[in-house]
Structure formats: structure tokens, C-alpha cells
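Here the structure comes first, spelled out in C-alpha cells, and everything after it is commentary.
The values are calculated or read from the model by the stated rules, or taken from the named source; none is laboratory data. Just so it is clear, the structure is predicted and the values come from calculations on it, not from any experiment. Every residue, glycine as well, gets a Cβ built from its backbone with ideal geometry; the counts of neighbours run over all protein chains shown.
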Amino acid sequence: MESILIANRGEIAVRIIRAARDLGIRTIAVYSELDRDAVHTSMADEAWNVGTAPAADSYLNVPRILEVAAESKASAIHPGYGFLAENAAFAQSVIDAGLIWIGPPPSAIQMMGDKIESRIAAEAAKVPGVPGTNEPLTSADQVKAFAKKHGMPVAIKAAAGGGGRGLKVIRDIEEIDAAFESAGREAKAWFGNPAVYVERYLENARHIEAQVLFDSHGNGVFLGERDCSLQRRHQKLVEEAPAPGFTPKLRAKLGRLALSLGHAAGYESAGTVEFLYSDDEFYFLEMNTRIQVEHTVTEEVFGVDLVVEQIRVARGEHLSVTQTPEPVGHTIEFRINAEDPSRDFMPNPGKLVKYQEPAGPGIRVDSGVVQGSTISQYYDNMIAKLIVSGRDRNEAVQRAKRALAEFEIGGVDTTIGAHLLILENKPFLAGDVSTRLVEDTMNFSAVGRKTAAVLPEDEELTERSLTVEVGGRRFTVKYWAKVLTAPGSGTRVAPRRNAPKLSKGSALGGGEGVVSAPMQGTIVKVHHKAGDSVEAGEAVCVLEAMKMENEITAPNSGEIVDLKVQVGDTVSAGSILMVIR
Ligand code: MV4
């Protein structure tokens, strides 16, 4: 295997490039027009344009990806996760094109992609599933009969769904008719397959994933478990290994179940078998036939490079790891996404005008960005994965607090504040994790943006006021600054750069409706464009200064008649930012 084409982007593309490099294999990146200057694009040995920004026109553009594979003479393709990673037809077309597919056989992808088929395979392999049906439902009456027999709540799931997509929880018999109808409609619309099935919905269970790795010679190894119970609307927030409170006995039992399913499926490469763990029992949920986002915590604790192992297996090698390693220490992964936890994790794409990763003991950051990168609404909101290890869970938690506080990201809202809140959550700290923890015990609505919430607790903020004169008019503004102890350690005033110039004919500063910078800083968000109407007191832009984001508000209602700044501008105290008349 002389070269690998990575059919992906972002942090996982960087991750695969690193693994290939470790094996001395040449790397071929593909990029969309939006990713022409992305980290993965410049990092690979060569890079090819596969199309325009929309994923359908680029990262999902199978003919173009295969064409590039042929033109670049790639030996193999690694799909990463998402995009085409679990597309059996794509996997088959790669193999038919004479390339090595770094992943499971298309037959295994196909089997596990149909959640009803995967349940049947699990049953045949004596891997107990959540009580449920193994035939597509044809009427709401079947759901009612199931609920009568097994109890409520129940979950209706899309056979072509997975990862929580197409999952409907029903807590009241009266809701079954409507839920059954909408589940089928949504499954058809979202996945192109209306088939749905029903399971008993297990409340308060833990979501435990088993990492498995198979070679092409029938050998399989269980590489430990991950606890992924902390999810929000089926989006994982935090993953950890080993699972809190897991014993070697439990780990061995889980491993036997996971390997049994893998063998039954004729599995090869890395895969993850998902279970619910409740009342000392494991219940099979689904199997993911890809390397997962959270593979990193397994790597850190069980001491294996899963992507290197995938490549080795794809080269026809026998497993180099044949026994489940003993876990060493504890690792927690935090997904740093461009989302605003205080607004229900609303995506907040934008330019990373400030980006500085933490480092130091126990810290690993997997990312595909640098300062100046843009998180685009065309792709997922992930900025980076912060992977924190310690000798035990408490040390990992302490280090995580330090690393999250150290993580400098400006220009987008991030999930850092939410993670810091999780690290103060008592059930979480006690290891009492379950799929209900987030919903039952956490409220993110008050989570400030990272810079406002995470100044190390020994730093205090003092209220200060600043008197400025703009265009002959005197303003006194309040601001809050860190107490700097070292003498002369005042904030270095950055030289003015791109500071907005007063345009001809505009207000010469001062006067009604002039919005000025209360202090020197960087514009990290502009909420409006020229011509927009705004209300008095409404946030119009965000100025980052002294590690804090400061909302600048409209002094009066009116129209923005002159917008002088854009994201990334450095402004000095008193600079006019915009005029509202
Ligand atoms: C379930 C379940 C309880 N009972 N199925 C969520 C993602 C996908 N992997 C499957 N998931 C679940 N399926 C039954 N029959 C609980 C989850 C689940 C979960 C549900 C709600 C909120 C957070 C969750 C975290 C992990 C798993």
C-alpha cells in the first residue's frame, strides 16, 4: 500500500494523514472549494479538488472521488467517519475499482446499516438486544400490542436510521397512532426507507460502546469499552474510557458479546458495538461500521493506534494486538463544537479569529483548524476534540478544567462553557452517569460564552470605567478587567491595524447613534449588516478584549446607516464601529 486517499475533511482527515505518515505511506487529500486552504489539504502529500462547498457536490461526490483516486494512482481509500464511511455501495465501488478499502466488507456495512437486520444478526449470535420487533411494523396496533406485553415507554426507530436519528420515544399509549404515522413518514423522507421497528425504551441506562478490531484472517480482538451516556438529543457531548465503575468481569462479558457479533457478521477492520447497560445486563442497540469520533479515548487508555491498525489490517496483516489490553489511567473526550449551549446548542459557524489549543500533561487535541480557519455551515460544527488523560478519573477531570480554560477560541460560540458545567455536575463527578443525566440535571441556558465563563477561579474581575472623548463628545463607559498583579503587566495595546477610518460625509464621531469601541480589542462578531434596523439595547457586535467577549449594544433604535467594522478588525478605544440613525 503505497498511498492512501482520505475521502474526508477536518480533524479525522488530519488524524488519518498522521497514521499513514507513521507507516511511511503517502497521503492524498481531497478538498472542496471551501477547504482549499484547510489544514488537511495542506498537510497531505498531495491534494485534489473534488467540487464545490456542498457535501453532495464534493465529499459525497463518488464519481469525482473515484476519478481522483485513479488519476492520483491511490492504492487505498480511507473514508473516515460520516460522509461515505458507511456507504456499502461506495465501499464496493472502491473495491471494484481495484483499490483497497480501509474499512469493513460492504456486506457487513450493509447488514449493520439496516438496524432490523443487525438485530436479527445479534439474536443469531446470542447477543441479547433490547426487547423489540425484528420485522418492519405495518400498523400502530402492533406497537400497542408490543407496549401491552413489554410495558411503556417504547421507542419507534427507523431501520435505516441509527445514532438516534429517527428515534421516537412514546410514553403514553394515546400517542402511538400519531407517532407511528410520523415515524414512517420521517424515515422515508430522511433515509429513503420507511421501515420502522419498536423497542422497549430503557430509561436511565448507560450507553456503553465496545471497540472491536478484526483482521481478514478471522481474528478479532476487543479493545475495551467507552461510556457515551452524556448525550443531548443523541449528539454526544463527552465520551470516556474506561467506563466509570466497570470491572474486569464486566469488561470481559462485554468483549465476548461484541466479538460474537463481529464474527457472525464476518467483520473486518475497526468497528463499534453499541449497548445499553442496565441492571447488570447488556442490551445490543446497533453496530457502527466505521472509526468513530471518540476512538481517541480507547487509544489513550488501551494503548493502541486504531487508525494504524485499520491500515495494517487492510494491507492483509494479522492483528498485532490479540488480547484486550489492561486499561491504563482514565481519558475523557470533549467535543469542542461551534455551537452556543445557551441557545440550545445552536450552530454558530464563523471564522476563528482567535485559536490557541491547550497543551501540557495529559492533553491531546485532535483538530483540523488553525487561527483564521472558518467553521462552515456546510459541514459539521466540530472545531476540535479535547482528549484529556490522567492516572485516574479525578486527575483527568482536574486537567480537563485547566485545559478547557486554556483553550482560546474567538469568533464563534463554543461548547467549552457546557463542558465546564459538566465538570461541576455532581452525578457526573461521582461517576453516576446515565442517558438521563444531561436531561435531568443540566441546564445550559445560562452558560456564558467560553471567555466569560472560564477565567480560572483565582482570577477576579474588577469593574472599571473608561472616559473617552469621541468627536468632541465625552463618554464614560464601564468595563470589567482581570486584576493583573505583575507590575507593568498591563494589556499590551496592539498596534492599530485595519482600524475603520471615518468615511467621507459620515458622522465625524460622537453624536446620536454613534456606536464606539469602549476599549481596544478585536471585533469577533457582527450581528447585522448595513441597512438593518435595530432596537435600542440590542446587541450589534461583539468586541473581544482582555480575554472577554463584550456585547456592544445599540444606543438607540434606528437603521445602521454606516457599518465600519467587520469580523477580525482590531479597533482602538473610541473607534467608531457603526452609526445608527
Ligand atoms: C435507546 C435508548 C433507550 N432505549 N433505545 C441514542 C443514540 C443511539 N445510539 C441509540 N440511543 C438510545 N437508544 C432504547 N430502546 C437510549 C439511547 C440513548 C440516549 C437516549 C436519549 C438521550 C441520551 C441517550 C444517550 C445514549 C443512548
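Key figures
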item: Qualifying residue in segment 52-59 (condition: farther than 18 Å from Gly271 by Cβ, more than 24 Å from the chain's Cα centre (by Cα), touching a residue at least 12 places away in the same chain (Cβ under 8 Å) and surrounded by fewer than 19 Cβ atoms within 10 Å (Cβ to Cβ)); result: no
item: Strands (runs of 3 or more DSSP E) wholly inside segment 151-223 that include at least 3 residues being within 13 Å of the ligand (Cβ to nearest atom) and more than 24 Å from the chain's Cα centre (by Cα); result: 154-162, 196-200
item: Checklist (1) over 18 Å from Leu237 (Cβ atoms); (2) assigned to a strand (DSSP E or B) applied to Ile383, failing item; result: (1)
item: Residue satisfying all of: in segment 274-291; within 11 Å of the ligand (Cβ to nearest atom) and closer than 23 Å to His330 by Cα; surrounded by the fewest Cβ atoms within 10 Å (Cβ to Cβ) among these; result: Ser278
item: Those residues of segment 537-555 which are at pLDDT below 85 and surrounded by fewer than 16 Cβ atoms within 10 Å (Cβ to Cβ), in sequence order; result: Gly537, Glu551
item: Any hit, segment 80-98, residues being in contact (Cβ under 8 Å) with a residue 40 or more places away in the chain, within 15 Å of the ligand (Cβ to nearest atom) and acidic (Asp, Glu); result: yes
item: Complete set of residues in segment 212-245 that are closer than 17 Å to Ala396 by Cα and not acidic (Asp, Glu); result: Arg226, Cys228, Leu230, Leu237, Val238, Ala241, Pro242, Ala243, Pro244, Gly245
item: Selection within segment 227-267 - in contact with a Ser or Thr (Cβ under 8 Å, 6 or more places away or on another chain), in a loop (DSSP other than H, G, I, E, B) and surrounded by fewer than 24 Cβ atoms within 10 Å (Cβ to Cβ); result: Leu237, Gly266
item: Leading residue by the ranking (farthest from the ligand (Cβ to nearest atom)) among those in segment 226-261 that are closer than 27 Å to Phe444 by Cβ and charged (D, E, K, R); result: Glu240
item: Residues satisfying the stated conditions in segment 377-392, i.e. in contact with a strand residue (DSSP E or B) (Cβ under 6 Å, 6 or more places away or on another chain) and either surrounded by fewer than 18 Cβ atoms within 10 Å (Cβ to Cβ) or farther than 26 Å from Glu326 by Cβ (or both); result: Asn381, Met382, Ile383, Ala384, Asp392
item: When residues of segment 508-521 are limited to those that are modelled with pLDDT of 80 or more and in a strand (DSSP E or B), the one farthest from the chain's Cα centre (by Cα); result: Val514
item: Residue that is of a type outside the set (Lys, Arg), at pLDDT below 95 and more than 16 Å from the ligand (Cβ to nearest atom), where the choices are Val313, Val321, Val308; result: Val321
item: Test: residue in segment 125-138 that is among the β-branched types (Val, Ile, Thr), within 12 Å of the ligand (Cβ to nearest atom) and buried (at least 16 other Cβ atoms within 10 Å of the Cβ); result: yes
